[in-house]
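Chemist: I am attaching a structure below and will ask some questions about it afterwards.
The values are calculated or read from the model by the stated rules, or taken from the named source; none is laboratory data. Keep in mind that this is a model prediction, so the values were computed, not measured. Backbone-built Cβ (ideal geometry, glycine too); neighbour counts: all protein chains shown. Areas reflect the complete protein model, heavy atoms only, side chains present, ligands, DNA and RNA absent. Shrake-Rupley method; radii C 1.70, N 1.55, O 1.52, S 1.80 Å.
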Amino acid sequence: MKRWMMFLAIPAALVLLGALAVKLYFTEERLKALIVPGIESSTNRKAELGGVSLSLFPSIGITVENFRLSNPAGTEFPNPYFLSLKSLFIDVRLFPLFSKRLEIDNIILDEPVLYMDVMPDGKKNYSSGGGARAASESGQGTPASPMGALLLSNMEIANGRIESYNRKVDSRWSIEGLKQTLRIESTPEGNALSLSGASDIQKFSYGTGSSWYIEGIPLTASERLSYSIPDDRLEFTDVAAKLKDVPLKVSGSVQDLRQETMMMDLAVESPELTVERLLSLLPAGMMKGAGDVAASGNVSFTMKVAGPFSDDLNPGVNALFTMSGGTIRYKSLTKSITGVALD
């Protein structure tokens, strides 16, 4: 009996020794030497890593700390970098890899910060630049064949921040306190992905370089999307959001995500919108002095975003706003103003 136990223990010992050898070989410096050049060549940007580590049991875990990705090489923008992360953790199940299945338990991004800048001459720091162009010319931009089985059980973004400022048209928006969860699963054939998740934003602001039109508004959303790999098409199956008290729904699709020019066909609408809900978005400073005024009525809002989108092209935007049955009441007036309509 003892001999059999010894023979059974040999494979386990060999696996443990192999794992130890891999762990000793892939030092932090070797991991950096493998990761950094690949990121820099594919993005045409400089990458910095504060630290990186690898664990093998019970799953393959990779931890990256203090990651920074610069703006495109040879460019200057107000912000010193494009993307930063306090830490990134990826946890991949080991045994499904032997069956050609990629199963990821967790991807956790802690305190990501993203700057999206457009200069007055139209130059963008999120331009794909030479890296994407080269990929397209080498054939990587062509539709891909079906992939193997994929399961991402959970992706989390904690305390994220995004700042976007288009100086060419003087428009900016920002997101603070982003919390995002996401699950991705491929079909059995491996030719499509289903994505589901939820977003929670503490503060959303929108305006110009000199002032905000809406400031510090909370936003929540639930998302269900599907992506067809052969068609390179992302479908917005069921996307619903709430901007403070204003409900929003997004539908449509984005085609050719892997190409330099994407085709957008999206619709945004706000069902059950009222004047009261709309006014809740305005900054407190804007409503100062309007305490003796009250308004009500039904509002309809729809917006269509359609056409090509690339570094040099923006899709067309067509919005329709209507109000019916509007009423305005002033405390100083004995009667209200009624029948207000706007189109």
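Chemist: Pick out, from the range 115-232, the strands (runs of 3 or more DSSP E) lying fully within it that include 1 or more residues that are in contact with a strand residue (DSSP E or B) (Cβ under 8 Å, 6 or more places away or on another chain), at pLDDT 90 or above and closer than 22 Å to Ser70 by Cα.
Modeler: 149-166, 171-186
Chemist: Here is a follow-up. Tell me which residues, restricted to the range 167-210, are more than 13 Å from Leu243 (Cβ to Cβ), open to solvent by less than 50 Å² (accessible area, probe 1.4 Å) and of a type in the set (Gly, Ala, Ser).
Modeler: Selection gives Ser171, Ser174, Gly177, Ser186, Gly190, Ala192, Ser196, Gly197, Ala198, Gly207, Gly209.
Chemist: Also, I was wondering about something else. I'd like to know if the range 213-227 contains one or more residues that are over 17 Å from the mean Cα position of the chain (by Cα), of a type in the set (Gly, Ala, Ser) and over 26 Å from Ser310 (Cβ atoms).
Modeler: yes
Chemist: Suppose we filter the range 248-262 for residues that are without any contact (Cβ under 8 Å) to a residue 60 or more places away in the chain and either over 27 Å from Leu282 (Cβ atoms) or not aliphatic (A, V, I, L, M) (or both); how many remain?
Modeler: 10
Chemist: Identify the single condition in (1) farther than 25 Å from Leu150 by Cα; (2) open to solvent by less than 70 Å² (accessible area, probe 1.4 Å); (3) modelled with pLDDT under 95 that Ala240 does not satisfy, given that it satisfies every other one.
Modeler: Tallying (1) farther than 25 Å from Leu150 by Cα; (2) open to solvent by less than 70 Å² (accessible area, probe 1.4 Å); (3) modelled with pLDDT under 95, Ala240 fails exactly one: (3).
Chemist: Just give me the residues in the range 213-238 being aliphatic (A, V, I, L, M) and farther than 24 Å from Asn166 by Cα, in sequence order.
Modeler: Ala221, Leu225, Ile229, Leu234
Chemist: Out of the residues in the range 1-36 that are closer than 19 Å to Ile90 by Cβ and open to solvent by 60 Å² or more (accessible area, probe 1.4 Å), state the one that is modelled with the highest pLDDT.
Modeler: Ala33
Chemist: Go through Gly307, Gly326 for me and flag whichever is of a type outside the set (A, V, I, L, M), open to solvent by less than 80 Å² (accessible area, probe 1.4 Å) and more than 30 Å from Thr43 (Cβ to Cβ).
Modeler: Going through Gly307, Gly326 in turn, the sole match is Gly326.
Yes/no per residue for (1) under 23 Å from Glu163 (Cα atoms); (2) hydrophobic (A, V, I, L, M, F, W, C); (3) in contact (Cβ under 8 Å) with a residue 24 or more places away in the chain:
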| residue | (1), (2), (3) |
| --- | --- |
| Ser186 | no, no, yes |
| Ser211 | yes, no, no |
| Ala240 | yes, yes, no |
| Val246 | yes, yes, yes |
| Leu273 | no, yes, yes |
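Chemist: With respect to Val299, is the statement that it is among the aliphatic types (A, V, I, L, M), farther than 30 Å from Asp117 by Cβ, open to solvent by less than 30 Å² (accessible area, probe 1.4 Å) and in a strand (DSSP E or B) true?
Modeler: Taking the combined requirement at face value, the residue satisfies it.
Chemist: Here are Glu235, Glu269, Glu223, Glu215: which of them is acidic (Asp, Glu), surrounded by 16 or more Cβ atoms within 10 Å (Cβ to Cβ) and touching a Gly at 6+ places or on another chain (Cβ under 6 Å)?
Modeler: Checking each option against the conditions leaves just Glu223.
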